[in-house]
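Structure first, commentary second.
Read-outs throughout are calculated quantities, based only on the coordinates presented, and are distinct from any laboratory measurement. What you see is a predicted model; the values in this text were computed from it and never measured. Quick reminder, even Gly has a Cβ in these numbers, built from the backbone with ideal geometry, and neighbours come from all protein chains shown.
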There are 2 protein chains.
Amino acid sequence: MARTEALRAAVEQHIDRWNTALPDTGLYAPMAYLMRLPAKRIRPVALLLAHELFGGDHQQVLDEALAIEVFHNFTLMHDDIMDAAPLRRGMPTVHLHWNVNTAILSGDAMLVKAHQLMGRDPRAAARFEQRAIEVCEGQQLDMEFEQRGDVTLADYNEMIRLKTAVLLAGAMEIGALLAGASDADVERIGQFGEHLGLAFQLRDDLLDAFGDPDKVGKQVGGDLRAGKKTWLLLRGLAVDDGTIRDALLVTPDQRDVPRMIAALERSGARADAEAEVARLDQQALAALDSIAVPEERKQHLRALAAQLMVRVH
Amino acid sequence: MARTEALRAAVEQHIDRWNTALPDTGLYAPMAYLMRLPAKRIRPVALLLAHELFGGDHQQVLDEALAIEVFHNFTLMHDDIMDAAPLRRGMPTVHLHWNVNTAILSGDAMLVKAHQLMGRDPRAAARFEQRAIEVCEGQQLDMEFEQRGDVTLADYNEMIRLKTAVLLAGAMEIGALLAGASDADVERIGQFGEHLGLAFQLRDDLLDAFGDPDKVGKQVGGDLRAGKKTWLLLRGLAVDDGTIRDALLVTPDQRDVPRMIAALERSGARADAEAEVARLDQQALAALDSIAVPEERKQHLRALAAQLMVRVH
C-alpha cells in the first residue's frame with residue numbers, strides 16, 4: 001500500500017505541475033478546475049504500477065499516466081453535460097459553473113491534450129486510441145439503454161465493460177508495453193484491469209442497494225429510485241415471477257425502494273451479483289498470477305486490487 | 001486544376017471507403033452522415049498537393065488527408081451545437097437530426113478517429129495535435145467575442161487565424177513533412193496555407209457585404225444582419241466618425257443593412273479589406289516562391305490558391 005500511496009503522490013504532483021502551467025483563462029480554466037477536484041487517481045496509479053511490474057521506472061511514464069487521467073476527466077466533463085448533472089465530487093459541474101458550450105469545447109481540448117501527452121510511443125498511442133473509442137461506444141450504449149426496454153444482462157455487461165473497465169485495462173496495458181512487456185503479458189495485465197473494473201462497477205451496484213448507509217456515506221437505493229437499469233435490476237427482472245416484476249417494473253412515482261430491495265433479494269439477484277463479483281475478482285487475480293514475473297513484484301498490484309475489492313464507498 | 005480534381009476524387013473515394021466500413025448504428029451513423037454531405041475537401045486535397053510538391057506519392061498519405069477531413073467535420077458537428085445551427089450544407093445538423101448528446105459523443109469519437117488516422121508518424125501526429133488545440137482555442141475566442149464589446153481588429157485576426165487558417169496550414173505542413181521536406185520548408189508551406197486561409201476568410205466577409213447576390217447565391221448582408229463582429233464591422237467601428245458609428249452600432253431591431261453597407265464603404269473598411277486580401281494573397285504566394293523545388297511542381301498548388309482567390313461563394 002505504501003508504494004501505491006507514493007505513486008499516487010507522484011501523480012498528484014505531476015497533475016499539479018500540469019495544472020499550474022495551464023493558462024488561467026478560456027478553455028484551460030475548466031480543465032484545471034476539474035483536474036483539481038479530489039480524486040483517487042486509480043487509473044494513472046495503475047499505469048505506473050503496471051510499468052513497475054515489468055521493471056520500468058515510473059518517472060519515465062508520468063506523462064502517459066497523466067494522459068489517462070486527463071482523458072478520464074474529459075469523459076466526466078462531457079458525460080456531466082449529457083446527464084445534466086449539477087454536481088461532480090460535490091462541486092458544480094463545468095457546464096453549470098461556466099456554460100455548456102465551454103464544457104463541450106474545453107472537453108474537446110482535453111481530449112486533444114490527452115493524445116498529446118500519450119504521444120511518444122506509437123504502440124501506446126494506438127492502444128490508447130482503441131480504448132478511447134471503446135469508452136465513447138460504452139457511453140453511447142448507456143444513453144441508448146435509457147430509451148430501450150429490451151436491455152439484457154449481457155448487453156449491460158458489455159456496456160459497463162466498454163464504458164468503465166476498458167480504460168483501467170488500457171492504463172495497465174500502456175504501462176506494461178512501455179516497460180517492454182511481451183504482447184501476451186500486455187494482454188494478461190489488460191485482463192487483470194478489465195476484470196477488476198467490471199467487479200468494481202458491480203460492487204458499486206450492490207453497495208447502492210445493499211450497502212450499510214453509515215459506511216457508504218449516502219442513502220441506499222439511489223440507483224433504484226432514479227430508475228437506472230443496473231445489473232441487479234436487469235437480473236431481478238429476468239426472473240419469471242409476477243410479484244418480483246410487479247415490485248421492480250413500476251412507474252417513477254410508484255418506486256418503493258425498500259420493496260424493490262426486498263424483491264431483488266428474493267429474486268436471487270443479490271446472491272447472483274455477489275457470486276459474479278467473486279468470480280470477476282478471481283479472474284482478475286488469475287490473470288495476474290499468469291504473468292511470469294517474481295511474486296514480490298506483484299504485491300503492489302495485489303494491494304491495489306485488494307483496495308478496490310473492499311471499498312465501501 | 002486537373003491534378004487538383006484528380007486528388008479530390010481520390011479523397012472522395014477514400015472517404016467513401018471509410019464511411020462504408022463504419023457500422024450503421026450508434027455513434028457512427030452521424031459521422032458518415034456528415035462526411036457524406038457535399039464538400040470541397042480543400043484541406044485534404046491541400047495535404048496531398050503539399051506532399052506531391054516535395055516528391056511524395058499521394059497514395060501513401062490518404063489516411064492523413066482523411067484524418068484532416070474527419071477532424072474538420074468533428075469541429076463542424078460540435079460548432080453546430082454551440083451555434084444552435086439548424087442546417088449544415090442545406091441538411092439538418094446532427095444535433096437536430098439525432099440529438100445534442102449524440103452530436104457531442106459522435107464528435108468526440110470523430111476526434112479520436114482523426115488521431116487514429118493520423119497516428120503513423122510521430123512528427124505528423126505532434127503537428128496535428130498542436131493545430132487541433134489551436135482550432136479549439138480559436139472557437140473559444142469566437143464564443144468569447146460574442147459577449148465582449150472591446151474586440152479589436154488584431155483580436156479578430158488572431159481568432160480567425162486559429163479558428164480557420166491554422167488547419168489549412170497544418171494540412172500542408174503534414175503533407176510536406178511526410179514527404180521528407182526540411183523543417184524550413186515545412187514552415188514555408190505552413191505560411192502559404194495560413195495566409196491563404198486568412199485571405200479566404202476575409203474574402204468571405206467582403207462577399208457577404210459587397211458580393212453580387214446573383215454570383216454569391218444568397219442575399220447580401222447576412223453577417224451584418226446577424227450582428228456578427230466581422231473584420232469589416234470592427235474596421236468600420238475603429239473610425240472616429242459619429243455618423244459611421246451611428247449606422248453600425250445599433251440594436252438588433254435597428255439594423256438597416258443598406259445603411260450599414262454604405263457606412264462601411266464610407267469608412268474605408270471595404271477598401272482596407274480589399275487591400276488586406278491582396279496583401280495576404282501576396283504573402284501566401286511569396287511563401288510558395290521561397291520553396292526551392294522546380295517551378296513546374298508548384299503549378300497545382302498555385303491552381304488551388306487561384307481557385308480560393310477567385311471564389312464567389
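With label points set 7 Å from Cα along Cα→Cβ, the inter-copy distances at A:Gly242 are 8.7 nm, sorted shortest first. The string of couplings for segment A:148-156 from the Karplus curve (6.51, -1.76, 1.60, θ = phi - 60°) is 10, x, 10, 6, 8, 4, 5, 4, 5 Hz, one whole number per residue in order, with x for Gly and Pro.
Mean residue ellipticity at 222 nm, helices only, chain B: -23500 deg cm²/dmol; runs of at least 4 DSSP H residues each add -39,500 (n - 2.57), and the sum is divided by the number of residues.
Peptide A:140-146 shows a mean partner chain C-beta count of 3 within 10 Å per residue C-beta. Phi angles of segment A:76-82 translate, via the Karplus equation with coefficients 6.51, -1.76, 1.60 and θ = phi - 60°, into HN-Hα couplings of 5, 4, 6, 4, 5, 5, 4 Hz per residue; Gly and Pro are given as x. How many nanometers, to one decimal and shortest first, lie between the label point of B:Thr20 and those of its other copies, if labels sit 7 Å from Cα toward Cβ? Copy-to-copy label distances at B:Thr20, shortest first: 5.5 nm. FRET efficiency for the B:Lys40 to B:Gln254 pair, using the beta carbon distance and R₀ = 35 Å, is estimated at 0.45.
Given their separation in residues at 0.36 nm each and the Cα-Cα distance between them, B:Thr20 and B:Asp63 gain 14.0 nm when the chain is fully extended. Between copies, B:Glu274 shows label-point distances of 8.4 nm, shortest first, with the point placed 7 angstrom from Cα along Cα to C-beta. Going down the table (B:Lys228/B:Lys298; A:Lys228/B:Lys113; A:Lys229/B:Lys113; A:Lys298/B:Lys113), which pairs top 32 Å between alpha carbons? Correct reply: B:Lys228/B:Lys298; A:Lys298/B:Lys113. Whole angstrom only: what separates the Cα centroid of segment B:127-160 from the Cα centroid of segment A:97-138? What the calculation gives is 21 Å, centre to centre. Across segment A:239-247, computed HN-Hα scalar couplings (Karplus, 6.51 cos²θ - 1.76 cosθ + 1.60, θ = phi - 60°) run 7, 7, 9, x, 5, 5, 4, 4, 6 Hz from first to last residue, x flagging Gly and Pro. Could you give the distance between the Cα centres of segment A:67-94 and segment B:220-272, to the whole Å? Distance between centres, Cα-based: 41 Å. The C-alpha atoms of chain A define a longest principal axis, and helix A:166-178 lies at about 20 degrees to it.
Does chain A classify as rounded, prolate or oblate by the C-alpha gyration tensor (a ≥ b ≥ c root eigenvalues; a/c under 1.5 gives rounded; else a/b over b/c gives prolate, otherwise oblate)? Oblate, since a/c reaches 1.5 and b/c is not below a/b. Pick from B:Phe210, B:Phe200, B:Phe54: which residue has the top mean-square fluctuation in a GNM of chain B where Cα pairs under 10 Å get a spring? Maximum among the listed residues: B:Phe210.
In chain B, Cα pairs under 8 Å separated by at least six residues give a relative contact order of 19 percent.
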